[in-house]
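**Q** The structure follows.
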Amino acid sequence: MNRSVRLALVLGAFSLTGCAGGYAFYAATPPPPLRVEARGFAPEAGFVWVDGFWAVRGGAYVWEPGRWARPPRARAVWVPGRWNQRSGRYYYREGRWR
């Protein structure tokens, strides 16, 4: 495969990943209110609470419960996911470590 074809394939792949926009779920109706969860105690020192969120499965909202998670590296910060509205649709951007 020559170099120009490989370059075109790589650039095409990058353009497709950019279209996804980091959204995990799409819905036509707004999500229900967030649930209040009991956190309990961290299983070990250094764990961080990751809040639960509403996901979409089979066209219906389902609650994904919160959990304790170990950060992937020192000083990592959890950025929670969030629902956004645009053009009459709702989009969920997943949480991530920063």
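**Q** Mind giving me the FRET efficiency for TYR23 and ALA45? R0 is 41 Å, r the Cβ-Cβ distance, nearest 0.05 is fine.
**A** After rounding, the FRET efficiency stands at 0.75.
**Q** Highest mean first, what order results for 81-89, 44-52 on Cβ atoms within 10 Å?
**A** 44-52, 81-89
**Q** In addition: Work out from phi, with θ = phi - 60° and the Karplus expression 6.51 cos²θ - 1.76 cosθ + 1.60, the ³J(HN,Hα) of each residue of segment 43-49, listed in order in whole Hz, and give x for Gly and Pro.
**A** Couplings: x, 8, 4, x, 7, 10, 7 Hz.
**Q** Starting from the Cα of TRP78, step 7 Å along the direction of its Cβ; do the same at ARG98; then give the gap between the two resulting points in nm.
**A** About 1.5 nm separates the two model spin labels.
**Q** With Cβ to Cβ distances under 13 Å as the rule, what net charge do the other residues near ARG67 carry (K, R +1; D, E -1)?
**A** Surrounding charge for ARG67 is -1.
**Q** May I pose another question? With a cut-off of at most 11 other beta carbons within 10 Å, and DSSP calling the residue loop, which trypsin sites (Lys or Arg not before Pro) in segment 17-79 qualify? Please list them.
**A** ARG39, ARG73, ARG75
**Q** Calculated FRET efficiency, ARG67 and SER87, Cβ-Cβ r, R0 41 Å, to nearest 0.05?
**A** 0.80
Each reported figure results from applying straightforward, stated rules to the coordinates on display, with no laboratory input. Predicted model only: the values in this text are computed from it and were never measured. Note that each Cβ is placed from the backbone with ideal geometry, even for glycine, and that neighbours are counted across all protein chains shown.
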